[in-house]
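Here's the structure, in structure tokens; my notes come after.
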Amino acid sequence: MKKWKFLTAAALTLMLAACGSDEEKATETNEPTATENSETSASTETAAFPMSVSPLSAGSETEDGKSVSFEDVTFEEMPKNIVVLDYGFLDTLDALGVEGIVGIAANGGKGNIPAHLKEKYVTDSVADVGTLKQIDFEKVAAANPDAIFISGRQAPFYEELKEITPNVVFIGSDNSNYVDGVFETVDLAAKIFGKEEKAEELKASLQTKVDEVKEKAAGYENALVAMYNDKKISGFDNGEDSRFAYVYNDFGFKPSTTDIKASSHGSDFSYESILSVDPEVLLIIDRTASDVDTIKADIENDIIKKTRAYKEGKIVYLDGVNWYFSSNGVTTEAEKLDEILNELK
């Protein structure tokens, strides 16, 4: 009898162990393997292509007055070798974690590239294809790109770049809806490279900063955006063709004047002109990308010392690299907003 009980117990133990083993196998079977995950990811990526993308501007007028018409681009697969000729878009690709950048306009390392991008992309492993306005087409071709991204400075070379690859995408900017335009470039990059989740995170963070600056700007009567370049001053209002109209229209500052000649490069604006409009906030963009102390000696002269901005300590010096050379990048735009927030405490 005891022996039978022992055998029964042993059999029961074996049965339970077998059931447990079956359950584990079932569980293991239901969990995708690393190989299956990889295959699913590759399948999802493949399903997104062929992909057609449109330029972020219908056309662009070059400095010689000619208009360039940009075409839609169809990618048969996700680009793997990328040449980027716009620092703002390079910044966005970097923030999204996009890999495969094989060429940029580094100008021998002397280009006005944001420091975080220079450290990463001005290297021997990334081709230096010239400057923003003087492209070395042979080096672009040698990089064997399957995608080239350009902006307004390279618009005159659109047809020549298409001879290297038909996949030339124009990334324009829209001063009338500036922040939305930045989001549009983020969405475009995310669509091409499958980074939608990261894109939403970056856009939400940037929108928070935009809202903070708008709240800050609402507390001031008016402001003036001016650019310093080799001892010369240019003024910018909120006009349609003003390069920095978005400071008023999107960031919320009220212009101290709307009578500045419309131009993407601003209008010559003397120190007496600044005093005549007497802004409460004076935003100085340092086009020369020099240190602040260097331009302060010129800006804060006896005339400027009579303005409200000087008397109330509201002259804000802004980084020319971010503001003039790499606008529209999701990280550089955040840094631009932080400059304003940090100075207008």
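Since every read-out is calculated from the coordinates, none of them should be taken as a lab result. What you see is a predicted model; the values in this text were computed from it and never measured. Because the Cβ atoms are built from the backbone with ideal geometry, glycine has one as well, and the counts that use them run over all protein chains shown.
If I stretch the segment between S176 and D338 completely, what's the gain in nm (0.36 nm per residue apart, minus their alpha carbon distance), one decimal?
Computed gain between S176 and D338 is 56.1 nm.
Among DSSP beta bridges whose residues both lie in segment 145-252, state the antiparallel percentage, nearest 5.
For segment 145-252, the DSSP antiparallel bridge percentage is about 60.
Using a Förster distance of 22 Å, how high is the FRET efficiency between H116 and E201, based on the Cβ-Cβ distance and rounded to 0.05?
0.75
Could you list which residues have their amide H under 5 Å from that of K314, counting only those 5 or more apart in sequence or on another chain, with H placed in the peptide plane?
HN-HN under 5 Å from K314: empty list.
Would you give the gap between the C-alpha center of segment 235-258 and the C-alpha center of segment 312-345, rounded to a whole Å?
So the two Cα centres are separated by 15 Å.
In whole Hz, with x marking every Gly and Pro, tabulate ³J(HN,Hα) for segment 139-156 from phi via Karplus 6.51 cos²θ - 1.76 cosθ + 1.60, θ = phi - 60°.
My calculation for segment 139-156 gives 6, 4, 5, 5, 6, 6, x, 10, 7, 10, 10, 10, 9, x, 5, 9, 3, x Hz in order.
Could you work out the relative contact order of segment 56-121, using alpha carbon pairs under 8 angstrom and six or more residues apart, expressed as a whole percent?
After rounding, I find 24 percent.
Using a Förster radius of 41 Å, what is the FRET efficiency between D278 and E163 based on their Cβ-Cβ separation? Nearest 0.05, please.
The pair D278/E163 has a calculated efficiency of 0.15.
Want the number for K191 to A142: 0.36 nm per residue separation, take away the alpha-carbon distance, what's left?
On the way: separation 49, 0.36 × 49 = 17.64 nm, distance 2.68 nm.
Answer, rounded to one decimal: 15.0 nm.
I need the trypsin sites (Lys or Arg not before Pro) found in segment 68-170, filtered to DSSP loop residues with at most 14 other beta carbons within 10 Å of theirs. Could the numbers behind the result be given before it?
Values: sites: K80, K110, K118, K120, K133, K139, R153, K162; in loops: K80, K110, K133.
For trypsin sites (Lys or Arg not before Pro) across segment 68-170 that sit outside H, G, I, E and B with at most 14 neighbouring Cβ atoms in 10 Å, the list reads K80, K110, K133.
Going through segment 181-275, which trypsin sites (Lys or Arg not before Pro) have at most 16 other Cβ atoms within 10 Å and a DSSP loop state?
K231, K261
Within segment 125-200, which GluC sites (Glu not before Pro) sit in a loop by DSSP and count at most 12 neighbouring Cβ atoms inside 10 Å?
Working: sites: E138, E159, E160, E163, E184, E196, E197, E200; in loops: E163.
Answer in residue order: E163.
Average the reciprocal distances over every distinct pair of alpha-carbons in segment 225-345, invert the result, and give the Kirkwood radius in Å.
Values: mean 1/r = 0.0697 Å⁻¹.
Hydrodynamic radius (Kirkwood, Cα only) of segment 225-345 equals 14.3 Å.
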